[in-house]
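Encoded as structure tokens, the structure appears first; notes follow it.
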Amino acid sequence: MIDLAQLRKNPDDFRQAWRARGVSADVDALLALDEQVRALKHQSESLQAEVNAASKAIGQAARTGQDVGAAKEKARQLGDQAKALDEQRGILEQQLGALILTLPNPCLAAVPVGKDSSENTVATTWGEPPTFAFRPKPHWDLGPALDIMDFDRATKLSGSGFVVLKGQGARLSRALISWFLDEHTTSHGYTELAVPLLVQPQAMLGTGQLPKFADQSYACREDDLWLIPTAEVPVTNYHGGEILDAEALPLKYTAHTPCFRREAGAAGLGTRGMTRVHQFDKVEIVWLTAPERSDADLMTLRGHAERLLQQLGLHYRVLELCTGDTGFSSAHTYDLEVWSPGTDSWLEVSSCSTLSDFQARRANLRYR
RNA sequence: GGAAAGGUGGCAGAGCGGCUGAAUGCGUCGGUUUCGAAAACCGAUAGUGCCGCAAGGCACUCGGGGGUUCGAAUCCCCCCCUUUCCGCCA
């Protein structure tokens with residue numbers, strides 16, 4: 001979430017940033033609400049200070065045997081006034097809190113302004129597209145033909161949007177996961193985490209999945225637990241509420257998890273086969289780092305992701321997302337897309353973002 | 001799921017409803033001493049928000065939330081977590 005103190009100081013910066021994202025946010029209403037809350041808080045605190053002083057005096061007077069009846073009554077009235085103000089403030093504060101959680105992270109000033117994915121720019125391209133003497137099949141044909149992917153039986157188990165990997169297909173997936181983790185831990189200095197796949201709402205809130213994407217997430221309502229849509233949720237919230245030692249930064253974590261996404265409304269174009277499914281495996285890399293190194297660290301992290309594609313010899317390109325296509329929590333995003341000869345298209349395989357202080361605030365994650 | 005015990009500052013561990021935002025010990029930081037260090041001694045050491053140029057002040061925080069009271073770490077209610085025992089365990 002954004003820093004209200006910053007909003008107070010530079011409201012125009014935020015107006016501009018949200019406009020660039022194509023988000024309509026009523027900055028004036030936000031500021032007015034904030035002002036009211038602060039004023040009420042100030043008033044009730046002054047009253048409370050009086051009450052506290054009066055209480056102290058009553059205690060001392062009572063010990064010397066003086067009559068304190070009138071003083072008690074006075075203190076009670078002041079206390080009631082303070083309580084009334086606090087109640088008002090509570091209501092407004094709740095409104096403000098709910099509102100601020102729905103506002104996306106402003107993009108960094110350097111991010112190209114654009115309305116949607118059509119205005120993303122290609123930062124780099126690596127390798128060459130492979131050539132074939134025949135027409136390569138898309139994976140939804142090739143996989144079943146090789147008996148390494150089974151979409152039909154997956155549907156029998158779980159409905160549309162799932163896949164069963166079989167034989168060498170399952171083994172290939174397992175090998176990639178294992179190799180990714182090994183590369184990140186041994187070559188790039190990451191610490192591997194094996195994390196829960198079910199998390200409490202606070203964790204989903206901390207990384208920005210809630211409240212906005214509640215309808216895109218799976219939940220076990222009975223236990224108030226959510227299935228993670230990405231390892232980013234447990235990994236980032238791992239240190240939630242903590243004050244980290246600045247000397248210890250950056251903290252670099254990697255984790256493999258299945259990811260669960262409802263993908264409501266996504267059925268249709270570009271969703272065939274396992275291109276977009278309700279459950280998939282992902283190896284995540286996360287840095288917790290200081291603001292001043294954030295930009296440089298994003299490039300390093302992106303390099304680590306790219307390195308894997310290079311070692312696999314995959315032809316890929318890096319997109320710099322424009323403001324209109326950058327995700328809710330992100331301030332700056334590069335997408336890595338691999339060339340898919342079978343579908344004659346680029347497929348997103350990785351997304352590298354800086355979240356600035358957005359998630360840190362939501363997750364109450366600090367350093368000093 | 002049932003029962004019992006417990007959750008206090010970086011850690012350990014006190015805490016008659018007011019003089020306790022918190023004794024004491026350890027740790028940490030600064031100083032004295034020393035050629036240097038250790039030891040000893042002296043002093044300082046929670047967080048957040050708000051006001052203030054600053055010095056400083058005010059409010060809130062003793063697992064979380066309510067309540068009683070002029071006043072709650074301390075009394076009452078609800079919840080969460082930890083430990084132990086019992087039960088269950090596709």
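The values are calculated or read from the model by the stated rules, or taken from the named source; none is laboratory data. For clarity, every value in this text was computed on a predicted model and none was experimentally measured. When we count neighbours, we look across all protein chains shown, and the Cβ atoms used for this are built from the backbone with ideal geometry, even at glycine. Ligands, DNA and RNA are stripped out before the accessible areas are found, and what is left, the full protein with its side chains, is counted by its heavy atoms. Shrake-Rupley method; radii C 1.70, N 1.55, O 1.52, S 1.80 Å.
Worth a mention:
- Selection count where residues are open to solvent by 30 Å² or more (accessible area, probe 1.4 Å) and either in a helix (DSSP H, G or I) or charged (D, E, K, R) (or both), scope the range A:14-45: 16
- Note on the range A:46-69: residues that are part of a helix (DSSP H, G or I), free of Cβ contacts under 8 Å to residues at least 24 places away in the same chain and not hydroxyl-bearing (Ser, Thr, Tyr) amount to 12.
- Per the listing A:Trp126, A:Trp140, the residue uniquely in contact (Cβ under 8 Å) with a residue 24 or more places away in the chain, more than 16 Å from RNA strand B (Cβ to nearest atom), surrounded by fewer than 17 Cβ atoms within 10 Å (Cβ to Cβ) and in the same structural domain as A:Leu336 (by TED's automatic domain parsing) is A:Trp126.
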